[in-house]
Each structure stands twice: as C-alpha cells, then as structure tokens.
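> Please see the structure below; I have some questions.
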Amino acid sequence: MNLRCPVCGCTEPLPTKRWRCVCGRPFLLTGLPPFRRDAIRPVERGLWRYRELLPALDGEPVTLGEGGTPLLLEEWEGLRLGLKLEFLSPTASFKDRGTAVLVSFLRSWGVREVVDDSSGNAGASLAAYGARAGLRVRIFVPAHTSPAKLAQIAVYGAEIVAVPGPRPMATEAVLQAVDAGATYASHAYHPLFAEGLATMAYEVVESLGWRAPDNLIFPTGNGSLVFSTYLAMKRMQAAGVIGNLPRLFAVQAQGCAPLLAPWRQGAEDVPAIAAGETVAEGIAVTRPSLGRYVLQALRETGGAVVAVEDADILAARRTLASRGLYVEPSAAAALAALPQLRAWIGPGELSVLALTGHGLKST
Ligand SMILES: [Zn+2]
C-alpha cells in the first residue's frame, strides 16, 4: 500500500510522516482491496463493519463507536430526501469517521504525539480519539477563537496552542511543530482520514438495499466528505454493486465560497480567496485542500457547486429543528441549497443530505 499524488504521480510508501505531496497536493491511497459486499463483517455495527475494505490495520482499531448513523427517509416539499444523521457521532460530527481510521493507523505505527490545526469539529474529534489512544494531542487554533468553541477540545485533555494572527498562521505554527518531530494528523490532507470518511457512502448504499441515491448533497469546506464519497462510489461501481454514479453537490456559504468561481469558469484548480464572514464556520475554508479533486468529481458525476446565503442557512436550521433535528449552521447549508438544486433533481429521485454537525456545538 502506497500514497500516490494523482496530479504529478509521486509515490510514497506507508508508514510515512509525509502528509502531502511535494507539489503541495493531497495524496491518495493505492493498493486498497477492491470493494466486495461479502467482505463486510455482518455482526459488527458502525464503521469497522467495513474494516476489510479499509487499508490493512495491524492491531485493534481505536474506536468510540463511530459510524452506523441513521438514514431518515422523508418527504420534503415534494422531494424524496434521505437525511444521514452524521451529527450523532461520538464527538457530534462526521469527522469522527476520518479520525478513528487515521488515529488507529498512527497508533499502530508507534506515533506518540499528534498535531492538527482546527478550532472546530476536527480539533474536538482528534482530541477525543487521541485521548482514547493515549496520544499527546496539540491543537493549533487562531488566538481569536471563542473559548466556547475550545471547550470540547480542552475537556478531552488536548493542549490548545493559540496562534496570533489570521487562520493560516495556525497552519504555519503546526508545520513548525511537525518539523520539530510531531505527526500531522491533518483532517484536510491525510488520505487515511479520507478513507474513514468513505465509509459513510458504503453505509448509505447498504442501508438503501445496495442502491445508490440519485443525488448526494454535502456542506463543503475542504471537500473531504464529498471527495471521499466519490472514491467510495467509484469503488462500488467498479465492483458492479451500483450502476450510475450519483450526482454529487458541494454546498458552500456565499460568504466563503472558493469553489464557486472555478466551478463556473471550468477551471481545474481552486485558488485561495480572502477570508469571508459566514455563520457556517465549519465550512468557512478559504483554500480547500481537496478543491481540485472535488471539482473533477462533481464534473464526472453531473453535479455542481452551489452557494447559499446565511439567512437561508439559518432558516434551514430552524426548519430542521421544527422536525426535531438540531444541527449546526454548516450542516443546515445542505438543506438551504435545495431550492437551487431543484434544477438538477429529477421527479421521484432520492437525494441524500449529510447532516454533518450537531446543533449543540454552536449553541
Ligand atoms: Zn504531486
């Protein structure tokens, strides 16, 4: 099993401390076992049900019971929706799938100390799984991050390093810690994190009786969930488990939508944009690490990038709450995009929305 850059073709054997290619782009894993329905562990629930489809792990996984989230099927203003309740994960966000797999591998490689830059869900998730695995965890955050957002990271015992200046300075600081010997457990770049996220797509297809939905709609920051879902769908298609690839849609907040212009212009790469304001903090990423790969996936599947206004995000959040579903604003962005997405969604089609983070996170 190797890492390979799909753009310049550089390869890197595992285990490695490298977390991206020399060209700056994220690696992908190669040499994974092909998708097989009979490789699924029937008695196991949750993410590790798909263990034989993940890279081979030496030893027991680090788990908090992640995966296995409900898929609620609903009628919604004439649309057939599937709501994937990822906010019911151990630390209340979809990130736990990626973190569980990444931390399991890092521990099996003898890593003792991990770092990441995140003031939100990824930081809380790494803090929890790091505690579970007995790792030293340091999370680098912008100094202006509100204490409320840091409370969940701190309660697991992770060390919070506040970095003055704009968000990219926290990334600079984390890279210095990496140079000094720490392992970068990057939620934005690491391909093992992406493999953990890919299990959500396996679950959706399995819970629909081995059928893909017609459309999948994701709140999108770095693009890890949409791209991982693309990889998973391609594998299931190659194995003959599903037919056509579902359309994948990336939803961004209008206040911070770096994918939108490159999408409309038909560009390949996604340049960084200036920091923007939005209530959807979880997807406010000015330079999406997987931006190029996401655009390719959307084009191949017939999907699109759409951007939604904050007022519509907050209205969608209230609508979800009125049906008993309490999610953070970033998660509600997927529902807020539905009026725009009606242009793509055909009559009778099933559209699955990932509800990515819990509302209690943003109370
Ligand atoms: Zn490269």
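> If Phe249 satisfies every condition in (1) modelled with pLDDT under 95; (2) not in a helix (DSSP H, G or I) but one, which is the exception?
(1)
> I want to confirm something. Restricting to region 37-47 and keeping residues that are over 23 Å from Ala238 (Cβ atoms) and not aliphatic (A, V, I, L, M), which single residue is nearest to the ligand (Cβ to nearest atom)?
Residue satisfying both the conditions and the ranking: Gly46.
Per-residue answers, yes or no, for (1) in contact (Cβ under 8 Å) with a residue 24 or more places away in the chain; (2) part of a helix (DSSP H, G or I); (3) aliphatic (A, V, I, L, M); (4) surrounded by 15 or more Cβ atoms within 10 Å (Cβ to Cβ):
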site	(1), (2), (3), (4)
Lys17	yes, no, no, no
Arg20	yes, no, no, yes
Arg41	no, no, no, no
Arg45	no, no, no, no
Glu52	no, yes, no, no
Glu66	yes, no, no, yes
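> Here is a list: Ala201, Ala238, Ala177. Which entry is under 23 Å from Arg292 (Cα atoms) and more than 20 Å from the chain's Cα centre (by Cα)?
That would be Ala238, the only listed residue that is under 23 Å from Arg292 (Cα atoms) and more than 20 Å from the chain's Cα centre (by Cα).
> Quick one: would you say Ile139 is in a strand (DSSP E or B), β-branched (Val, Ile, Thr) and under 30 Å from Ala275 (Cβ atoms)? If you could, list the steps in order and put the result at the bottom.
Details: in a strand (DSSP E or B): yes; β-branched (Val, Ile, Thr): yes; under 30 Å from Ala275 (Cβ atoms): yes.
Considered against the rule, which asks whether it is in a strand (DSSP E or B), β-branched (Val, Ile, Thr) and under 30 Å from Ala275 (Cβ atoms), Ile139 comes out as yes.
> On to the next question. Give region 185-232 a look and list any residue that's in a loop (DSSP other than H, G, I, E, B) and aromatic (Phe, Trp, Tyr), or say none.
Tyr189, Trp210
> Would you tally the residues in region 53-67 being under 21 Å from the mean Cα position of the chain (by Cα) and not hydrophobic (A, V, I, L, M, F, W, C)?
Counting residues in region 53-67 that are under 21 Å from the mean Cα position of the chain (by Cα) and not hydrophobic (A, V, I, L, M, F, W, C) gives 6.
> The conditions are (1) under 23 Å from Pro347 (Cα atoms); (2) polar (S, T, N, Q); (3) modelled with pLDDT under 95, and Asn215 fails exactly one of them. Which is it?
That leaves (3) as the condition not met.
> Scan region 279-317 for residues that are over 17 Å from Asn215 (Cβ atoms), in a helix (DSSP H, G or I) and more than 18 Å from the chain's Cα centre (by Cα) and report the count.
The qualifying residues number 7.
> Just the residues that are of a type in the set (Lys, Arg) and at pLDDT 90 or above, please, taken from region 130-186.
Selection gives Arg132, Arg136, Arg138.
> Restricting to region 151-160, what's the tally of residues that are more than 17 Å from His187 (Cα to Cα) and either of a type in the set (Val, Ile, Thr) or touching a strand residue (DSSP E or B) at 6+ places or on another chain (Cβ under 9 Å) (or both)?
Counting residues in region 151-160 that are more than 17 Å from His187 (Cα to Cα) and either of a type in the set (Val, Ile, Thr) or touching a strand residue (DSSP E or B) at 6+ places or on another chain (Cβ under 9 Å) (or both) gives 5.
> Okay, moving on. Can you pull out the residues in region 3-24 that are more than 13 Å from the ligand (Cβ to nearest atom) and charged (D, E, K, R)? Show your work before the answer.
Pass one, region 3-24, residues more than 13 Å from the ligand (Cβ to nearest atom): 13-17.
Of everything in region 3-24, just one residue is more than 13 Å from the ligand (Cβ to nearest atom) and charged (D, E, K, R), namely Lys17.
> Give the residues of region 318-345 that are part of a loop (DSSP other than H, G, I, E, B) and either surrounded by 15 or more Cβ atoms within 10 Å (Cβ to Cβ) or touching a residue at least 40 places away in the same chain (Cβ under 8 Å) (or both), sorted by residue number.
To start, the set of residues in region 318-345 that are part of a loop (DSSP other than H, G, I, E, B) comprises 323-326, 328, 337, 342-345.
Arg323, Leu325, Tyr326, Glu328, Ala337, Arg342, Trp344, Ile345, listed by residue number.
> For region 72-95, how many residues are free of Cβ contacts under 8 Å to residues at least 40 places away in the same chain and surrounded by 24 or more Cβ atoms within 10 Å (Cβ to Cβ)?
Going through region 72-95 one residue at a time, the tally reaches 1.
> Of the numbered conditions (1) modelled with pLDDT of 95 or more; (2) away from the ligand (no atom under 16 Å from the Cβ); (3) farther than 23 Å from Leu353 by Cβ; (4) of a type in the set (S, T, N, Q), Ser119 fails exactly one; give the number of that condition.
(1)
> Something else about it: Considering Phe105, Phe27, which residue is buried (at least 22 other Cβ atoms within 10 Å of the Cβ), within 16 Å of the ligand (Cβ to nearest atom) and of a type outside the set (Lys, Arg)?
After ruling out the rest, the residue left standing is Phe27.
Each row is one residue, and each column tells you yes or no for (1) closer than 19 Å to Leu29 by Cβ; (2) outside any loop (DSSP other than H, G, I, E, B); (3) among the aliphatic types (A, V, I, L, M).
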residue: Trp48; (1), (2), (3): yes, yes, no
residue: Thr63; (1), (2), (3): no, no, no
residue: Glu74; (1), (2), (3): no, yes, no
residue: Ser104; (1), (2), (3): yes, yes, no
residue: Gly110; (1), (2), (3): no, no, no
residue: Asp116; (1), (2), (3): no, yes, no
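> Would you mind telling me which numbered condition in (1) loosely packed, with under 12 Cβ neighbours inside 10 Å; (2) within 16 Å of the ligand (Cβ to nearest atom) Pro34 fails?
Condition (2) is where Pro34 drops out.
> Identify, by number, the condition in (1) surrounded by fewer than 24 Cβ atoms within 10 Å (Cβ to Cβ); (2) touching a strand residue (DSSP E or B) at 6+ places or on another chain (Cβ under 9 Å); (3) in contact (Cβ under 8 Å) with a residue 40 or more places away in the chain that Ala280 doesn't meet.
With respect to (1) surrounded by fewer than 24 Cβ atoms within 10 Å (Cβ to Cβ); (2) touching a strand residue (DSSP E or B) at 6+ places or on another chain (Cβ under 9 Å); (3) in contact (Cβ under 8 Å) with a residue 40 or more places away in the chain, Ala280 is out only on (1).
> Quick check on Asp96: is it in a helix (DSSP H, G or I), in contact with an Asp or Glu (Cβ under 8 Å, 6 or more places away or on another chain) and of a type in the set (Asp, Glu)? Before the answer, list the steps.
Values: in a helix (DSSP H, G or I): yes; in contact with an Asp or Glu (Cβ under 8 Å, 6 or more places away or on another chain): yes; of a type in the set (Asp, Glu): yes.
So Asp96 passes the test.
The values are calculated or read from the model by the stated rules, or taken from the named source; none is laboratory data. Only a predicted model underlies this, so the values are computations on that prediction, with no experimental measurement involved. No Cβ is skipped: glycine too gets one built from the backbone with ideal geometry, and neighbour counts run over all protein chains shown.
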